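Everything on this sheet refers to the single structure shown next.
We did not get these values from a lab; they are worked out from the coordinates using the rules stated. The structure presented is a predicted model; accordingly, all values stated were derived computationally and were not measured. In this analysis, Cβ positions are derived from the backbone assuming ideal geometry, glycine residues included, and neighbour counts consider all displayed protein chains.
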Amino acid sequence: MNCNISHNVKHHIWTTLLFLLSDLLCAVKSELRTLKETEGNTVTLNPHLTQEKRDSDILWLFRHESSDTVIAVRFKGQIETDYIDRFRDRLQLDRQTGSLTISNLTTSDSGVYHIQGSLVKFNLTIYSPVCKPVIKNITQSPSVSQRRSVSTPVVSKRCSVLCSVENGREVTLSWQSEGEILNHTSSPDLNTNLSLPLEIEEYNSTYSCVAANPASIETVPLNTEELCPKDPDPPPRNYLLPAVLIPLVLIGIVIGSVILLIQLKNKKHKDDENEGAEGGEVNYAELHKRSKRAQQPSEGALCGLESETEDRTVYADVCT
């Protein structure tokens, strides 16, 4: 009796050890395939089953947050894929190969997929499509070098641009020139947009702003002619125009000064005449006029005597 009990205990222990060893060997030999896809795309998981496995029943499992969920089954030739609502009408199980196709992928589809008893597992990660970056000019007012004369400043040809993109899971932003990465940036804070400045000095080179995540990429080439137009060459100086204008201006100033002096002189003379008319004295001139003799001589005349004549004095006003 005791021998039978001991034998049963030993058998149970050995069975348990064999199962544990089998699981350990499966864990060692299992193959984990990593797949990265973009939201909205379609992916096919092909486990490459042997002919023996293809003829047997198939049970597809989805592991999310450390728990396995049955999502598709082929049992005795019959296929069932609508086990859970999150994958409804989005799964297709190939009857011959056992491959599982998932359409219209969403970020919630990220997880590990595998067939029960198979050593092949698929670690699928779904990313949102990366947004298209935007480039704008952020050049300040042009710097002026004073190494030459003040009349001929040297304007800097540098141009500053800024590339920005909406941040997302594992998104990186970079400036590239002819396949070479000039600089790049990323941030774990998904609420903050990514921005990367670039100062351009070589206008003959080509530049591109690239936003990418492990599943998608967006590239925007920099249009230097639009965002960083070259400064036009200054027009040639016209020395003839100043040579003509300066003498004309001087002549105009002289003529204007002469006219002004004449006007001032005439005004002063007129003012002097008005003052003399208002404050002058009246002078009288004495005029003597001899009166005519009487037409008929008096009795004295007839007697040889001269008669006396009457004199008058007349005054006339003389204005000076």
For the stretch 77-122, the dipole about the Cα centre with charges only on Cβ (Lys and Arg +1, Asp and Glu -1), to the nearest 20 debye, works out at 120 debye
Calc'd 3J(HN,Hα), the stretch 130-136, phi into Karplus 6.51 cos²θ - 1.76 cosθ + 1.60 (θ = phi - 60°), Hz, glycine/Pro = x, comes to 5, 6, 7, x, 10, 10, 9
Ordering 197-204, 123-130, 37-44 by per-residue average of other C-beta atoms within 10 angstrom, highest first, gives 123-130, 37-44, 197-204
Length gained if Thr106 through Leu261 is fully extended, taking 0.36 nm per residue and subtracting the Cα-Cα distance, is 46.3 nm
Calc'd 3J(HN,Hα), the stretch 159-168, phi into Karplus 6.51 cos²θ - 1.76 cosθ + 1.60 (θ = phi - 60°), Hz, glycine/Pro = x, comes to 9, 10, 10, 10, 9, 9, 8, 5, 6, x
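Can you tell me the dipole magnitude for the stretch 30-127 around its Cα centre, using point charges on the Cβ only (Lys, Arg +1; Asp, Glu -1), in Debye to the nearest 20?
Here the size comes out at about 180 debye.
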Rounded to one decimal in nm, the spacing of the 7 Å Cα→Cβ label points at Asp55 and Asn137 is 7.4 nm
Here the residues of the stretch 101-125 lying in the modelled label zone of Ile79, meaning backbone nitrogen under 18 Å from a point 7 Å along Cα-to-Cβ, are 101-105, 114-116
Simple SL model, points at 7 angstrom along Cα→Cβ for Glu39 and Asn123; separation in nm is 2.3 nm
Sorted by chain and number, the residues with a modelled amide H under 5 Å from that of Arg33, at a separation of 5 or more or across chains, are Lys121, Phe122, Asn123
Looks like the stretch 28-126, by Cα gyration tensor root eigenvalues a ≥ b ≥ c and the a/c under 1.5 rounded cutoff (else prolate when a/b is bigger than b/c, oblate otherwise), is oblate
